[in-house]
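What follows is a set of notes on a single structure, which appears directly below.
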Number of protein chains: 4
Amino acid sequence: MANSIGKLFTITSFGESHGRCVGVIIDGCPAGLAITNDDIQKEVDRRKPKSNISTTRKEPETVEILSGIYDGRTTGAPICLLVWNTDADSSVYEKIKSLPRPGHADYTNFVKYGGYNDYRGGGRSSGRITAGYVMAGAIAKKLLNSIGIEILAHTIEIGEIKAAEKVPEEIKTTVENNTLRCADPKAAKQMMKIIEKAQAEGDSVGGIIECIALNVPAGLGEPVFDTLEGDLAKAMFSIPAVKGIEFGSGFSSTRKKGSENNDPFRIEEGKVATATNNAGGILGGISNGMPVVLRVVIKPTPSISIQQNTVDLETMTNSTVEIHGRHDACIVPRAVPVVEAMMAITICDFAKRAGIIPEVIG
Amino acid sequence: MANSIGKLFTITSFGESHGRCVGVIIDGCPAGLAITNDDIQKEVDRRKPKSNISTTRKEPETVEILSGIYDGRTTGAPICLLVWNTDADSSVYEKIKSLPRPGHADYTNFVKYGGYNDYRGGGRSSGRITAGYVMAGAIAKKLLNSIGIEILAHTIEIGEIKAAEKVPEEIKTTVENNTLRCADPKAAKQMMKIIEKAQAEGDSVGGIIECIALNVPAGLGEPVFDTLEGDLAKAMFSIPAVKGIEFGSGFSSTRKKGSENNDPFRIEEGKVATATNNAGGILGGISNGMPVVLRVVIKPTPSISIQQNTVDLETMTNSTVEIHGRHDACIVPRAVPVVEAMMAITICDFAKRAGIIPEVIG
Amino acid sequence: MANSIGKLFTITSFGESHGRCVGVIIDGCPAGLAITNDDIQKEVDRRKPKSNISTTRKEPETVEILSGIYDGRTTGAPICLLVWNTDADSSVYEKIKSLPRPGHADYTNFVKYGGYNDYRGGGRSSGRITAGYVMAGAIAKKLLNSIGIEILAHTIEIGEIKAAEKVPEEIKTTVENNTLRCADPKAAKQMMKIIEKAQAEGDSVGGIIECIALNVPAGLGEPVFDTLEGDLAKAMFSIPAVKGIEFGSGFSSTRKKGSENNDPFRIEEGKVATATNNAGGILGGISNGMPVVLRVVIKPTPSISIQQNTVDLETMTNSTVEIHGRHDACIVPRAVPVVEAMMAITICDFAKRAGIIPEVIG
Amino acid sequence: MANSIGKLFTITSFGESHGRCVGVIIDGCPAGLAITNDDIQKEVDRRKPKSNISTTRKEPETVEILSGIYDGRTTGAPICLLVWNTDADSSVYEKIKSLPRPGHADYTNFVKYGGYNDYRGGGRSSGRITAGYVMAGAIAKKLLNSIGIEILAHTIEIGEIKAAEKVPEEIKTTVENNTLRCADPKAAKQMMKIIEKAQAEGDSVGGIIECIALNVPAGLGEPVFDTLEGDLAKAMFSIPAVKGIEFGSGFSSTRKKGSENNDPFRIEEGKVATATNNAGGILGGISNGMPVVLRVVIKPTPSISIQQNTVDLETMTNSTVEIHGRHDACIVPRAVPVVEAMMAITICDFAKRAGIIPEVIG
């Protein structure tokens, strides 16, 4: 019941996994931004299942622009974008309607909406809803590019396999080289093995995605409550399966002294910079001009085909559930463009609030 | 420039570290709630520096109720609470005005506010601002108690020392037994040593706080954007030095398979419960009736007395800064009531949104 | 750039006059409300041009439900509704693109959106956008009906013709008896003559609509800023051509003494009521249990075919404009359901805020 | 329960008529604006009762700046301002506690807050609350002046006496020449007689205030919902006793044809202007560069000393009430600076949203 986010650059999500469509409205995009269907389709396609690690439904997912763009440019009016649902098979959900799947939102939605929620395919809690996020993210990225900001996410951990650290330039050129969107090809191979093993067992694995915003000017963020970290975090938790977030040295900062964790300032090419970036580009909730760096953990997708204990909500007795639908053993790689989208959307909002994005562009 | 948080239970923060006062306005508290000065003073006192681990300023911090409470009960009007500042010594800040302290918000505030910000004592970015949070938190806790919800935080990690896991009942009875607010007395002793060592070296250490909400009914949270995780995270990042947050199994979920991380449902005393709580009480952004469990990491406080590299913002040259003011070598224990406050405030807001808290109480 | 309204019952408008569609998203409707296409279509049809006073475009305007309703009931998810545009003829607008029509938003949109706005048919400033309002209003009315509240608007003035005062029961049964939606048939005839005369001259006339909410319980409204009057007023000004609003005795209260304008309280059937209703059902921004009564003035529609002075925005010289498209000489009767819709939407929002509308219905 | 208004320039009101203080927080004021106590005190003094038409309480009302201003300039932090209450005599209210005064908010507050509201002196519904509005308005005016915008209100109607129309330049120089803030001295004398007569009879009269914003650039307003009219109207209805608002020709536009009410565009000094200003400077919810003109009606103040019928809320029986406290027979002149304040605050918000007011000033 709160399907809008952003103060000046606002997106509103709508649609269900097995309903007619999944869509989004973007309100607050400046007029004059050149946008093509391809700009948006490209991001939607990045979110699609990859054949070699996914057995999930395949849909054309053709982007439709319903409003807000005229003659190839944004008009300043709300932009409505959607993809129609075509390949939904809801039969399996009928059978398990009263058997909430562990780790899924079936039970909480049932309670909250008194059983009236559209439970088919997870309804509003499905990963499919993020197709709307990436459509909005495509616009946000285009807008950020116009002021020089780039957003870049990559897989850094799957199961217990960690990728080696890479610099942004390297990530940028290699991230799409493998299905896992991991900039370390050696780690990527090991990750793939782990996923394949989980898939063979009807099980699943999670992982960690790092997302970096480059060229963010110092001064974005509106403390004390609308901090850059706080609003990025809030945005990230709208992605199903995200259960944690950290900035810069994050949780590992407990292994450092203040003298090690503080980033010394220094002049670089006439500008203030920091020697290290343990702050993840944010001090006091405001960007400091260094790359903004966050990491989110994606829990192992709850969609597994192994039999699990659950309850029957009709009889209020213990029961079991077994789901033999289509699902991914690891959704981390598909979540990479979604994480980028939500970071782009949030930074657009702060850039507008800071007056860095003008009312009219182009 | 965004000093309000909450949709139906809203708090607005004001005041500066070395200004006249630090305060808060609570808007949306139901009428009829019995509140005494002591209820609020108690929480403010918990946030105060402890003599054995702190050399920071000592102030009476006497709570004043300026509005919204009449005849011992809330009136439904905005509640304005404040503590006057009395012991501020700003002289040290004059000297380092153009030398931003590494790890602090001095530089980002300077950029954002064009140098007009009140930099004394960190101004709005000071931990002292959280005196306002705990005053609001006192009201929020009282309100939550009226519907049976309890909030409970404790220190679980300082530096590399981890506390043993404890059940809520044990935490409740032991958490205030030591200065560190750690429910594991053995770990607490080791933590104290680490802090004393850091203090002796003019350095600092960070840590991790766990916060638990007990008896939260299923159904709180407003996905897809106002998720329970998202709004709790946003609230937590308004606490200075918080750089990461996780729910339930959080970042460690990458070391689990889906079959291990999913919490099986089962009937307990006629109600739906889960056998484990890897979800931290939240599925699909909505509470599931289990305890809501989050952990935040507090970076080592940037206030250290060791000389550090920085820049001179007037001359735009490299420089150094050394701060010999009063500061804590570890702020984690003092942040415990602040984390509780922000969790209480956020859950109040969701409880109001879910219609669980009535318009009039008592 | 602010196309959402409402705090807990929120509608988001999208679409353009000559774009692909006009639509709306309703977020915050409780789950379980029974809704049929007909419920919504009925309100859309009421807004359509009437053949005897209108020469405007005729479109089927078939309502499509894209999301949020499953199995005939709301699911708690955002409800997306739209009508496709089919009969738009944009050729006339090409010719007058740089000649802003007096009284229209052509010039202000041009300035605000740097000329990138979709100017065809007035774009976002067209009365056609209100098709979205009435779709949302249909849901809001259904929801209000479930708690006994009724919304009822009627035409009380066209040009200088005033309708005689009528009681709600009489208005209810007669308002749809004539094209003008005027409960006084004698006045309606005179109004029609005035409109026909204006139409013959290529000119237009305005009027006043009164809207009444019956059975509103005392206690709705959230002062000091979200007053019932304030939010109703804000909602009304989103209807093109509305230039004024008053509640109860409104502007005529200047002709009364306090002793005449105050409504004495009295007990009626065991309840507190007032002997008169000069307050229009609102005291201190909060409903008092009497009918909520407001009146809005609709300016003479700026769409006239008489030649008018204007400027050429390309050459920045004085010029003239003559518009021979399709237009209504009086939009007041068509605005009646729109006024009802915006009142219903606003009262829904306040009813949710007051906890009168539950989270789940039915 | 909604005591904040404004999206980027936000004010939060607190305090009660007979509580400790009346105050306001302004959040979103750019850093660097020079502000003195006198700037604010001046506006507070304008709102004070005038000895010759008022018997109400006299208080020093000395403005205190609690936060957000340092070294004579705004810091970008929330600005907290208040005046302490000193002269409140609550005894009269104890006696009439269960007898709601007709035309007042006593009854609606009683219902909404379950009798826990601070009823003394009208509590939050008292005109005294507007002392906070004018303090915030003082900051808003200063800010608007920095970009050339001026706000100017005057009394145009008291009872049935109408002032002659005056041009802004004349209003500016004469408005403070008489107690009534009426730019037409002849009308002012008649108005005074009417007020004196009402006062002698223990009765009251209302009136109309016109408020004009000069030099507002074209492009302010955020349709379709955050229209310039809509947000100005919402702001005005937060002033006690306002029951109607109109823009430009407003309600009188029903007496015009479209060809008369449309304002023809023309080039004036190289800029687009309109020959007339029936639109009140607003087209399609967006400013058009002409003066923004609104009028609000202030109902006869409900505070009269004549005996009135009411009910006893304890016994639920009919009763009477007679109030012999201090009150104004006409509050219109005192409301003039309040209307200015709320217009200034609203236009500041839109100017910030349009990017016209920078983040840092001076």
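The values are calculated or read from the model by the stated rules, or taken from the named source; none is laboratory data. Bear in mind the structure is a predicted one, so any value in this text is a computation, not a measurement. Heads up, the Cβs are rebuilt from the backbone with ideal geometry, glycines too, and the neighbour counts pull from every protein chain shown.
Filtered by the rule that a residue be of a type in the set (Lys, Arg) and either facing another protein chain (nearest Cβ under 9 Å) or under 30 Å from B:LYS142 (Cα atoms) (or both), segment B:64-96 gives a lone residue, B:ARG73. Residues that are in a helix (DSSP H, G or I), touching a Gly at 6+ places or on another chain (Cβ under 6 Å) and more than 30 Å from B:MET1 (Cα to Cα) are absent from segment D:128-143.
In segment A:91-106 there is no residue that is among the polar types (S, T, N, Q), closer than 30 Å to A:ILE65 by Cα and at pLDDT below 95. Look at D:ILE194 and say whether it is within 24 Å of the chain's Cα centre (by Cα), assigned to a helix (DSSP H, G or I) and touching a residue at least 12 places away in the same chain (Cβ under 8 Å). In short, yes.
Keeping to segment A:340-358, report how many residues are surrounded by 20 or more Cβ atoms within 10 Å (Cβ to Cβ) and within 14 Å of chain C (Cβ to nearest Cβ). Count: 5. Among what's in segment D:279-289 and is of a type in the set (Gly, Ala, Ser) and within 24 Å of the chain's Cα centre (by Cα), pick the residue that is farthest from the other protein chains (Cβ to nearest Cβ). Once the filter is applied, the top-ranked residue is D:GLY281.
Summed over segment B:167-191, the residues that are part of a helix (DSSP H, G or I) and either at positive phi or β-branched (Val, Ile, Thr) (or both) give a count of 4. Checking each residue in segment A:66-95 for being under 30 Å from A:PHE9 (Cβ atoms) and loosely packed, with under 13 Cβ neighbours inside 10 Å picks out A:ASP71, A:GLY72. Of all residues in segment A:133-166, those satisfying the criterion of being under 17 Å from A:MET342 (Cβ atoms) and of a type in the set (Lys, Arg) are A:LYS141, A:LYS142.
Using the structure shown, decide if D:TYR116 is aromatic (Phe, Trp, Tyr), modelled with pLDDT of 95 or more, under 28 Å from D:LYS243 (Cα atoms) and part of a loop (DSSP other than H, G, I, E, B). Let's see the steps before the verdict.
On the way: aromatic (Phe, Trp, Tyr): yes; modelled with pLDDT of 95 or more: yes; under 28 Å from D:LYS243 (Cα atoms): yes; part of a loop (DSSP other than H, G, I, E, B): yes.
Yes: the conditions hold for D:TYR116.
So which residues in segment C:145-165 are within 27 Å of D:LYS256 (Cα to Cα), at pLDDT 95 or above and more than 19 Å from the chain's Cα centre (by Cα)? Reasoning before the result, please.
Applying the first criterion (within 27 Å of D:LYS256 (Cα to Cα)) to segment C:145-165 yields C:152-165.
Remaining after also requiring at pLDDT 95 or above: C:152-159, C:161-165.
Passing the criteria: C:ILE161, C:LYS162, C:ALA163, C:ALA164, C:GLU165.
Is it the case, given these coordinates, that B:GLU201 is within 14 Å of another protein chain (Cβ to nearest Cβ), touching a residue at least 40 places away in the same chain (Cβ under 8 Å) and of a type in the set (Asp, Glu)? Yes: the conditions hold for B:GLU201.
Each row is one residue, and each column tells you yes or no for (1) away from chain C (no Cβ under 14 Å); (2) touching a strand residue (DSSP E or B) at 6+ places or on another chain (Cβ under 8 Å); (3) without any contact (Cβ under 8 Å) to a residue 40 or more places away in the chain; (4) in a helix (DSSP H, G or I).
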residue: D:SER13; (1), (2), (3), (4): no, yes, no, no
residue: D:THR62; (1), (2), (3), (4): yes, yes, yes, no
residue: D:SER98; (1), (2), (3), (4): no, yes, no, no
residue: D:ASN109; (1), (2), (3), (4): no, yes, yes, yes
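Take the conditions (1) in a helix (DSSP H, G or I); (2) of a type in the set (A, V, I, L, M, F, W, C); (3) in contact with a Cys (Cβ under 9 Å, 6 or more places away or on another chain); A:ALA153 misses just one of them, which is (1). D:SER319: assigned to a loop (DSSP other than H, G, I, E, B), more than 30 Å from C:MET316 (Cα to Cα) and of a type in the set (S, T, N, Q), yes or no? Judged against the criteria, D:SER319 is not a match.
Taken over segment D:42-65, the criterion of being within 30 Å of D:ALA198 (Cβ to Cβ), surrounded by fewer than 16 Cβ atoms within 10 Å (Cβ to Cβ) and at pLDDT 90 or above is satisfied by D:LYS42, D:ASP45. Taken over segment D:309-353, the criterion of being among the aliphatic types (A, V, I, L, M) and under 30 Å from D:GLU222 (Cβ atoms) is satisfied by D:ALA335, D:VAL336, D:VAL338, D:VAL339, D:ALA341, D:MET342, D:MET343, D:ALA344, D:ILE345, D:ILE347, D:ALA351.
When you scan segment C:327-350, do you find a residue that is of a type in the set (Ser, Thr, Tyr) and in a helix (DSSP H, G or I), even just one? Yes: segment C:327-350 contains one or more residues that are of a type in the set (Ser, Thr, Tyr) and in a helix (DSSP H, G or I).
Return yes or no: is C:THR310 away from chain A (no Cβ under 14 Å), polar (S, T, N, Q) and in a loop (DSSP other than H, G, I, E, B)? Walk me through it before giving the result.
On the way: away from chain A (no Cβ under 14 Å): yes; polar (S, T, N, Q): yes; in a loop (DSSP other than H, G, I, E, B): no.
So C:THR310 does not fit the description; no.
Considering only residues in segment C:250-260 that are within 7 Å of chain D (Cβ to nearest Cβ) and closer than 19 Å to D:ILE156 by Cβ, the one that is surrounded by the most Cβ atoms within 10 Å (Cβ to Cβ) turns out to be C:SER253.
Residues in segment B:246-278 that are of a type in the set (A, V, I, L, M, F, W, C) and more than 16 Å from B:PRO291 (Cβ to Cβ): B:PHE251, B:ILE267. I'd like to check something: does segment C:112-131 contain any residue that is among the β-branched types (Val, Ile, Thr) and surrounded by 24 or more Cβ atoms within 10 Å (Cβ to Cβ)? Within segment C:112-131, one or more residues are among the β-branched types (Val, Ile, Thr) and surrounded by 24 or more Cβ atoms within 10 Å (Cβ to Cβ).
Among residues belonging to segment D:261-278 that are polar (S, T, N, Q) and surrounded by fewer than 21 Cβ atoms within 10 Å (Cβ to Cβ), point out the one that is nearest to the other protein chains (Cβ to nearest Cβ).
Taking the candidates together, the pick is D:THR276.
Applying a threshold of 6 Å to beta carbon distances and a minimum spacing of six or more residues, or different chains, the list of pairs starting in segment D:286-305 at a residue that is closer than 18 Å to C:VAL242 by Cα and ending at one that is charged (D, E, K, R) reads D:ILE286/C:LYS112; D:ARG295/D:GLU210; D:ARG295/D:GLU246; D:VAL297/D:LYS243.
Select from segment A:207-246 the residues that are part of a strand (DSSP E or B), more than 8 Å from chain B (Cβ to nearest Cβ) and touching a helix residue (DSSP H, G or I) at 6+ places or on another chain (Cβ under 8 Å) and list them in ascending order. Spell out the reasoning first.
Kept after step one, since they are part of a strand (DSSP E or B), are these residues of segment A:207-246: A:207-214, A:222, A:224, A:226, A:242-246.
This time we only want the ones that are more than 8 Å from chain B (Cβ to nearest Cβ), so: A:209-214.
Those that are part of a strand (DSSP E or B), more than 8 Å from chain B (Cβ to nearest Cβ) and touching a helix residue (DSSP H, G or I) at 6+ places or on another chain (Cβ under 8 Å): A:ILE209, A:CYS211, A:ILE212, A:ALA213, A:LEU214.
This table checks each residue for (1) in contact with an Asp or Glu (Cβ under 8 Å, 6 or more places away or on another chain); (2) of a type in the set (Ser, Thr, Tyr).
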{"site": "C:THR130", "(1), (2)": "no, yes"}
{"site": "C:MET135", "(1), (2)": "yes, no"}
{"site": "C:LYS142", "(1), (2)": "yes, no"}
{"site": "C:LYS162", "(1), (2)": "no, no"}
{"site": "C:ASN177", "(1), (2)": "no, no"}
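Taken as a whole, the condition of being more than 7 Å from chain D (Cβ to nearest Cβ) and assigned to a strand (DSSP E or B) does not apply to C:SER305.
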